[in-house]
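Colleague: One structure is given below, represented as structure tokens, and several questions about it will come after.
Please treat every number below as a calculation from the coordinates, not as lab data. Computed from a predicted model, the values in this text were never measured in an experiment. For neighbour counting, all protein chains shown are included, and Cβ atoms are generated from backbone atoms with ideal geometry for every residue, glycine included.
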Amino acid sequence: MSRLDEKQKEIGIQIIGNIDEDGYLQITMEELCEATSCTETEIVSTLKAIQNFDPVGVGARDTRECLLIQARFQGLDGTIVEKIIMDHMDNLENKRYDKIARNLSIGMPEVLKAIEVIISLEPKPGRLYSEEDTIYISPDIYVFKVGDDYEIVLNEDGLPKLKINSYYKEILNDNGTSPDDDKTKEYIIDKMKSAAWLIKSIHQRQRTIYRVTESIVQFQRRFFDHGVTHLKPLVLRDVAEHIQMHESTISRVTTNKYVHTPQGIFELKYFFNSAINSMEGGSIASESVKEYIRNIIKSENKRNPYSDQEVADMLKNHNIDVARRTVAKYRETLGILPSRKRREPF
């Protein structure tokens, strides 16, 4: 901020302190005026200076302003690029390029050329300097294929190696007979029982996780062999009955527990799926249907993406008969945009 005078630096400190991780200003002009005892004209002057700092566009109040700052910084004042950003953001976001062309009385090639420039701009300048850490998952269970079978190995690196200190056993074997000795021994016996119970509980929990994983591997063998599209419908009750435990126990030990498989790392709860009826009279897991949808959309022509109805029709090739609204619901849970927003101009 060396280019700013003292008053601007004071304003600048307030502005920079209210910029979020995406680079946007999260405080109003009125609040800045009150916090700095400066006029709105003085604040806007300082804000404009900051918005041209690196990364250009930082401190913008919305996406339109952010992109305009960057476009003008590149000398695109008065161009089609500026006009589209200023007046046609809704059409741009919804890929209504023909409407932009009509409103600006220009040809589609000019629109597409301008959009190519806009796409190159950064709508979230703050993320260029984001310090967000990558979250790494350490699997609780490993499932390895050995020959034609699968071997389950529990990851016990994070578990404490607990045992009862032999010193306390020696105290119990002491033949002291004073009242204080008796009270001490009673206390130690009580605490040793608690410690033994804790150690036993940890071992029992690990054993339960092992048995649940073993059951899942048996039910979902085709998944482990061939991948997500081969997942079977499975509910907690199936595993509970298989290993003769209560459903609540299965639910508890599969929460926030991750397993490393030949197909990747998954939460244990991932393997429990609702059923979708197949055209062959059987059923298929909902996660398998989602994977088919993901793969179909991944392979589409980006200039002419599939509609939800077209995806539903293509699923019939895999003997999956679902309604368009089901495809839309699953697509949304996968974080995939509707076809009109997936369409690319190039």
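Colleague: For TYR24, what residues show an amide H to amide H distance below 5 Å, using hydrogens built from the backbone and excluding near sequence neighbours?
Modeller: For TYR24, whose amide H was placed from the backbone, the distant partners under 5 Å are GLY59.
Colleague: What percent antiparallel are the DSSP beta bridges of the chain, to the nearest 5? Intermediate results must be reported in sequence, preceding the final value.
Modeller: Working: 16 of 19 bridges.
About 85 percent, rounded to the nearest 5.
Colleague: Inverting the mean 1/r over all pairs of different Cα atoms, compute the Kirkwood radius of the chain and quote it in Å. Don't skip to the end; give the middle numbers.
Modeller: Working: mean 1/r = 0.0375 Å⁻¹.
One over the average 1/r among Cα pairs gives 26.7 Å for the chain.
Colleague: For the stretch 51-63, what does the Karplus curve 6.51 cos²θ - 1.76 cosθ + 1.60, with θ = phi - 60°, yield as ³J(HN,Hα) per residue in whole Hz, taken in order and with x for Gly and Pro?
Modeller: Going residue by residue, I get 5, 9, 6, 8, x, 4, x, 5, x, 5, 9, 7, 5 Hz, with x marking Gly and Pro.
Colleague: Kindly state, as a whole number, the per residue volume in cubic angstrom of the convex hull around the alpha carbon atoms of the stretch 1-115.
Modeller: Numbers: hull volume 13.4 nm³, N = 115.
Per-residue hull volume (Cα only) is 116 Å³.
Colleague: For the stretch 139-144, what does the Karplus curve 6.51 cos²θ - 1.76 cosθ + 1.60, with θ = phi - 60°, yield as ³J(HN,Hα) per residue in whole Hz, taken in order and with x for Gly and Pro?
Modeller: Going residue by residue, I get x, 8, 9, 10, 10, 10 Hz, with x marking Gly and Pro.
Colleague: What does the highest-first list of 233-243, 188-198 look like by mean Cβ count within 10 Å?
Modeller: Details: 233-243: 16.8, 188-198: 12.0.
Ranked by mean Cβ neighbours within 10 Å, highest first: 233-243, 188-198.
Colleague: Further question: Which ³J(HN,Hα) values, rounded to whole Hz and listed in residue order, are derived for the stretch 221-230 from phi using the Karplus coefficients 6.51, -1.76 and 1.60 in 6.51 cos²θ - 1.76 cosθ + 1.60 with θ = phi - 60°, glycine and proline given as x?
Modeller: Ordered by residue, 3J(HN,Hα) equals 4, 5, 5, 5, 7, 10, x, 4, 5, 9 Hz.
Colleague: If you don't mind, there's one more thing I want to ask. Quickly rank 281-290, 27-36 as a protection proxy: mean count of other C-beta atoms within 10 Å, highest first.
Modeller: Working: 281-290: 19.0, 27-36: 14.2.
My ranking of the peptides, most packed first, is 281-290, 27-36.
Colleague: Give, as a single signed number, the net charge of other residues whose beta carbon lies under 13 Å from the beta carbon of ASP225, with Lys and Arg counted +1 and Asp and Glu -1. Display every interim value, and only then the final one.
Modeller: Working: positive: LYS145, ARG221, ARG222, LYS232; negative: ASP148, ASP149.
Summing Lys/Arg as +1 and Asp/Glu as -1 gives +2.
Colleague: Further question on the same structure: State the Cα centre-to-centre distance between the stretch 182-221 and the stretch 54-111 in whole Å.
Modeller: 63 Å
Colleague: Given a cut-off of 22 Å, name the pairs among LYS298/LYS341; LYS145/LYS298; LYS99/LYS124; LYS232/LYS269; LYS145/LYS290 whose C-alpha atoms lie farther apart than that in the structure shown.
Modeller: Numbers: LYS298/LYS341 14 Å; LYS145/LYS298 29 Å; LYS99/LYS124 26 Å; LYS232/LYS269 13 Å; LYS145/LYS290 26 Å.
With Cα atoms farther than 22 Å apart: LYS145/LYS298; LYS99/LYS124; LYS145/LYS290.
Colleague: Within a Cβ distance under 10 Å of LYS124, other residues only, what is the Lys/Arg minus Asp/Glu net charge? Could the numbers behind the result be given before it?
Modeller: Numbers: positive: ARG127; negative: ASP20, GLU21, ASP22, GLU122.
Around LYS124, the charge tally is -3.
Colleague: How much mean residue ellipticity at 222 nm does the chain get from its helices, if each DSSP H run of length 4 or more adds -39500 (n - 2.57) and you divide by all residues, to the nearest 500 deg cm²/dmol? Don't skip to the answer; put the middle values down first.
Modeller: Details: 17 runs with 181 residues, N = 346.
The helix-only estimate for the chain comes to -15500 deg cm²/dmol at 222 nm.
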